[in-house]
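Peer 1: First the structure, which I've put down as structure tokens, then a few questions once you've had a look.
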Amino acid sequence: MKQVSSITFGPCYGSLCFSAKRPTLLRFTHHFKFHSTRAMASHIVGLPRIGPKRELKFALESFWDGKSSAEELQNAAAALRSCIWKQLADAGIKYIPSNTFSYYDQMLDTTAMLGAVPPRYGWKSSEVSLETYFSMARGNAHVPAMEMTKWFDTNYHYIVPELGPHIRFSYASDKAVDEFKEAKDLGLDTVPVLIGPVSYLLLSKPARGTEQSFPPLSLLRYILPVYKEVLAELKAAGATWIQFDEPTLVWDLDANQLQAFSHAYSELESSLSGLNVLIETYFADVTAEAYKTLTSLKGVTGYGFDLVRGEKTLDLIKDGFPSGKHLFAGVVDGRNIWANDLASSLRTLQALEGIVGKDKIVVSTSCSLLHTAVDIVNETELDKEVKSWLAFAAQKVVEVNALAKALSGHKDEAFFSTNAAAQASRKSSPKVTNEAVQKAAAALKGSDLHRATNVAARLDAQQKKLNLPILPTTTIGSFPQTIDVRRVRREFKDKKISEEDYVNAMKEEINKVVKLQEELDIDVLVHGEPERNDMVEYFGEQLSGFAFTSNGWVQSYGSRCVKPPIIYGDVSRPKPMTVFWSSLAQGMTKRPIKGMLTGPVTILNWSFVRNDQPRFKTCYQIALAIKDEVEDLEEAGITVIQIDEPALREGLPLRKAEQALYLGWAVHSFRITNCGVQDTTQIHTHMCYSNFNDIIHSIIDMDADVITIENSKSDEKLLSALPEGLKFGSGIGPGVYDVHSPRIPSDTELCVKIKNIIKVLENNMVWVNPDCGLKTRKYSEVQPALSNMVAAAKYNRQMLRRSD
């Protein structure tokens, strides 16, 4: 590591302007300065890979659209990686991670490394190509993509490995080694990061055609030889440290699963010889049993713990930490955007230093900074006071280094003083508190609000009013957002067009969407949501207590990025948010138009949430705001209202002992939103991209009239895992095709899917719909897919009539 006397911390990974020729790197400077002669004991678990202006997203989509070559994509990726590493080095970070960059997802990278490619992709044992890699992630014209689901309790997604007893693993991607060498060529020694072998298997699922009871963990001895090959190459390349991410250690693991960790690292011990080995955990506490297992692993040099969400782990460390080992103390929050309370964190670190030793403690982030926005320096429109309370990934790197310096006796008093002032400002600011909102939300605690009649009676009343056919068809809400739609929205935001011109343009788009659905003969229509940028941001912009960024993008999966709102204060609804657009659409058709809302739990879980009060209090505030909107939609004549809750399960605590409390207030929050509507108003909810089977009873307790739920992307796991004899009572629409793949399903394929659904569920309760919204697709894909979906629904209706 080069010696420096003064460091100016730059936000760059630069701004990568992707063009057909080459990516161009632009550099910036930052206002934080440090004086140092060496790198302090500091570590970053991982950094955002998308770039400050979503450069990776645009490079990927250019490649997917055939507008740029694989070489150009690889050049753009290399420039991003270079900036990430240089940024950390210039900030004085000692342990810089490599192999945390990914074109899509680190779990998919590991699948490629192990050669665990499902047979349907036609891969022959060789290096996994970009074509095969992206086919696994996105599908292709001939085969569907692999399942995608949530990464623990975050809004990030991973591609689920499909493993069976006959799989043959082989070393098929040397990405980890290549990126280590790439950094070394830049003069940087990095810590290669690998998904640990046990977590990889625990996060996998049985392959198609394999008994669902098959345990992927039984394949542990077959994947370890590949890990040994990777380790040998990394050592030969000059690696001195290696990081294994084993986040499943925070789960409630049984004795067999814990033993798998002991076996794996015992088996790898000889291969790890000569390396310093860090085992990283994150997102929650580890249990006492897992802590004992982890700290007893052979060949391990250090242990990384999330000390933000894993406060109880502190007690385990205080009760005993292995002598001579390193503690990577995750005191800087990698999951939120609030500035660290540096004084409090320093006290924690000083206490830990007394336990593990001065030269054995390393200041770190609680998890990868992948889950935060990139750099607040790019935010010029944020309220100055609110901005002073925040720290994005670039600023969190600064915080880590500042704490490491302070711990070593080189405290930057001015920096700590500025931080303390911001903490005090946030606690006392009138922007944070609204007493009326606090009082209304407090009154909900201990209540049990719900609709007055049961779902069966409500469905009867609704059917008399709506007169829908059996197997009614609908979509989930959004329609493709064309370049023109996005341009008009952007021009209106920039005040380049008038409100009248904007409304007319949106009205024209809505009319096009409504007419298309009528032509396709869909039963319950949507207005397509052309006026919406994001399903959470759109509502947050119209609620009090929210702040918004211009470039606060966070990767959700692949090229899909979201810009989470920041909930900094009490939440209320100043005026109606969607009534105008829904009423406008309803006036264009005699068929029912769904009012489209995002539910309170999803708004909460997909935002950066204030951490100065319990989450349920904020959720109740949002629920009351959405309740006002639901009742205004009903009064405006909207008879079908969808309240999306795709993030319900995402917020489920990782530890079982904490789950009932969360589900109690989350389900109650949903019921609050619609507890006052008439029986004839049909309430829908939608869920996607999580494993909902273990909370299915809580979903039923939400008491919605119709539940549409992702099913195809997860390989119809919902249907196969429903408890025997379970009765939903409500209508249910398991998704019949995956909207996150460009592939167009045939009507024959969809006929079979619907037939399989009505074998499991009562046919008079089944709805037919896609997995999710259509925002990211093109009309050339949407129109034939929906046409085939409607044709398949009609065919099955006909078959049901014949069988009556």
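The values are calculated or read from the model by the stated rules, or taken from the named source; none is laboratory data. Not measured: the values here are computed from a predicted model. Cβ: placed from backbone, ideal geometry, glycine included. Neighbour counts: every protein chain shown. Each accessible area value is taken on the protein alone, full model and side chains, heavy atoms only, with ligands, DNA and RNA left out. Shrake-Rupley method; radii C 1.70, N 1.55, O 1.52, S 1.80 Å.
Peer 1: Where does helix 220-237 land angle-wise versus the long Cα axis of the chain, in degrees 0 to 90, nearest 10?
Peer 2: The helix 220-237 is inclined about 50 degrees to the chain.
Peer 1: Kindly give Rg over Rh for the range 45-112, based on alpha-carbon atoms, with the Kirkwood expression for the hydrodynamic radius.
Peer 2: Values: Rg = 12.8 Å, Rh = 12.9 Å.
My calculation puts Rg/Rh at 1.00.
Peer 1: Could I ask something else about it? If each residue of separation counts as 0.36 nm, what is the full-extension length gain between Ala452 and Gln74 once their alpha-carbon separation is subtracted?
Peer 2: Result: 130.2 nm gained on full extension.
Peer 1: Also, quick follow-up: What ranking do 217-230, 170-183, 296-309, 326-339 get when scored by the average of other Cβ atoms within 10 Å per residue, highest first?
Peer 2: Top to bottom by mean Cβ count within 10 Å: 326-339, 296-309, 170-183, 217-230.
Peer 1: Under the √(5λ) rule applied to the eigenvalues of the Cα gyration tensor, what semi-axes describe the equivalent ellipsoid of the range 134-248? Give them in Å, descending.
Peer 2: 28, 17, 15
Peer 1: With viscosity set to 0.890 mPa s and temperature to 25 °C, compute the Stokes-Einstein D of the range 617-705, Rh being the Kirkwood radius across alpha carbon pairs; µm²/s, no decimals. Walk me through the intermediate numbers first.
Peer 2: Working: Rh = 13.7 Å.
Result for D is 179 µm²/s.
Peer 1: Also: How far is it, in nm, from the label point at Lys124 to the one at Ala660 when both lie 7 Å from their Cα along the line to the Cβ?
Peer 2: 5.8
Peer 1: Next question, about the same structure. Rank Thr380, Thr673 by accessible area, highest first, at a 1.4 Å probe radius?
Peer 2: Thr380, Thr673
Peer 1: To the nearest whole percent, what portion of all C-alpha pairs in the range 296-341 is separated by more than 17 angstrom?
Peer 2: Numbers: 416 of 1035 pairs.
Value for the range 296-341: 40 percent of Cα pairs lie more than 17 Å apart.
Peer 1: How far is helix 483-493 tilted off the main Cα axis of the chain, in degrees rounded to 10, range 0 to 90?
Peer 2: With both axes taken from Cα atoms, the answer is about 80 degrees.
Peer 1: Beyond 18 Å, what share of the Cα-Cα pairs of the range 542-648 remains, rounded to the nearest whole percent?
Peer 2: Working: 3074 of 5671 pairs.
I get 54 percent for the Cα pairs in the range 542-648 exceeding 18 Å.
Peer 1: Please determine, in degrees from 0 to 90 and to the nearest 10, the orientation of helix 615-635 with respect to the longest principal axis defined by the Cα atoms of the chain, where the helix direction is its Cα long axis.
Peer 2: With both axes taken from Cα atoms, the answer is about 20 degrees.
Peer 1: Describe numerically, in nm with one decimal, the distance between label points set 7 Å from Cα along Cα→Cβ at Ala288 and at Glu762.
Peer 2: The modelled label-to-label distance comes out at 4.8 nm.
Peer 1: Right, here's the next one. List the trypsin sites (Lys or Arg not before Pro) within the range 549-611 that fall in a DSSP loop (any state other than H, G, I, E or B) and whose Cβ has at most 14 other Cβ atoms within 10 Å.
Peer 2: On the way: sites: Arg560, Lys590, Lys594, Arg610; in loops: Lys590, Arg610.
When the trypsin sites (Lys or Arg not before Pro) of the range 549-611 are filtered for loop state and at most 14 Cβ neighbours within 10 Å, Lys590 remain.
Peer 1: While we're here: If packing is taken as the mean number of other Cβ atoms within 10 Å per residue, what is the order of 57-63, 116-122, 742-748, highest first?
Peer 2: The peptides rank, most packed first, as 57-63, 116-122, 742-748.
Peer 1: Can you give the Rg/Rh ratio of the range 246-338, where Rg is from the C-alpha atoms and Rh is the Kirkwood radius?
Peer 2: Here the Rg-to-Rh quotient is 0.96.
Peer 1: In whole Å, what three semi-axes, largest first, describe the equivalent ellipsoid of the chain built from its Cα gyration tensor (square root of 5 times each eigenvalue)?
Peer 2: 43, 31, 26
Peer 1: Tell me which trypsin sites (Lys or Arg not before Pro) from the range 435-490 have a DSSP coil assignment and no more than 13 other beta carbons within 10 Å of their own.
Peer 2: Lys445
Peer 1: Kindly state, to the nearest 0.05, the FRET efficiency for Ala414 paired with Lys384, given R0 = 22 Å and r defined as their beta-carbon distance.
Peer 2: Between Ala414 and Lys384 the formula returns 0.70.
Peer 1: Which percent of the accessible heavy-atom area of the range 42-428 goes to carbon and sulfur, probe 1.4 angstrom?
Peer 2: 48
Peer 1: For the range 82-173, what are Rg and Dmax over the alpha carbons, in angstrom?
Peer 2: Both quantities, over Cα of the range 82-173: 15.6, 49 Å.
Peer 1: Quick check for me: using +1 on Lys/Arg Cβ and -1 on Asp/Glu Cβ, what's the dipole size of the chain about its Cα centre, in debye to the nearest 20?
Peer 2: Once rounded to the nearest 20, the dipole reads 760 debye.
Peer 1: Got a sec? Charge dipole of the range 515-620, +1 on Cβ for Lys and Arg, -1 for Asp and Glu; which of Pro600, Pro614, Val536 is way out at the positive end?
Peer 2: Pro614
Peer 1: Which percent of the Cα-Cα distances in the range 42-428 go past 33 Å?
Peer 2: Value for the range 42-428: 30 percent of Cα pairs lie more than 33 Å apart.
Peer 1: Based on the Kirkwood radius over alpha-carbon pairs, what is the Stokes-Einstein translational diffusion coefficient of the range 432-549 at 25 °C with 0.890 mPa s viscosity, in µm²/s?
Peer 2: Values: Rh = 18.3 Å.
Estimated via Stokes-Einstein, D reaches 134 µm²/s.
Peer 1: What accessible area per residue comes out for the range 374-504, rounded to a whole number of Å², with a 1.4 Å probe?
Peer 2: Per residue, the range 374-504 has an accessible area of 52 Å².
Peer 1: P(r) of the range 459-503 in 10 Å steps, Cα pairs, percent per bin?
Peer 2: 21, 27, 16, 23, 13
Peer 1: Can you give the accessible area per residue of the range 65-169, in Å², using a 1.4 Å probe?
Peer 2: About 33 Å² of surface per residue is accessible.
Peer 1: Given a Förster radius of 25 Å and the C-beta distance between Lys512 and Arg487 as r, what FRET efficiency does 1/(1 + (r/R0)^6) yield to the nearest 0.05?
Peer 2: 0.95
Peer 1: Students often check this: by mean Cβ neighbours within 10 Å, which of 396-404, 521-529, 205-213 ranks highest, and how do the rest follow?
Peer 2: Taking the mean over residues of other Cβ atoms within 10 Å, the ranking is 396-404, 521-529, 205-213.
Peer 1: State, as an integer percentage, the relative contact order of the chain based on alpha-carbon contacts under 8 Å between residues 6 or more apart.
Peer 2: The value is 12 percent.
Peer 1: If the limit is 22 Å between Cα atoms, which of Lys175/Lys235; Lys515/Lys759; Lys57/Lys775; Lys67/Lys175; Lys507/Lys594 go over it?
Peer 2: Lys515/Lys759; Lys67/Lys175
Peer 1: Moving to a separate point now. List residues of the range 743-780, by number, whose backbone nitrogen lies under 15 Å from a label position 7 Å along Cα→C-beta of Lys496.
Peer 2: Within reach of a label on Lys496: no residues.
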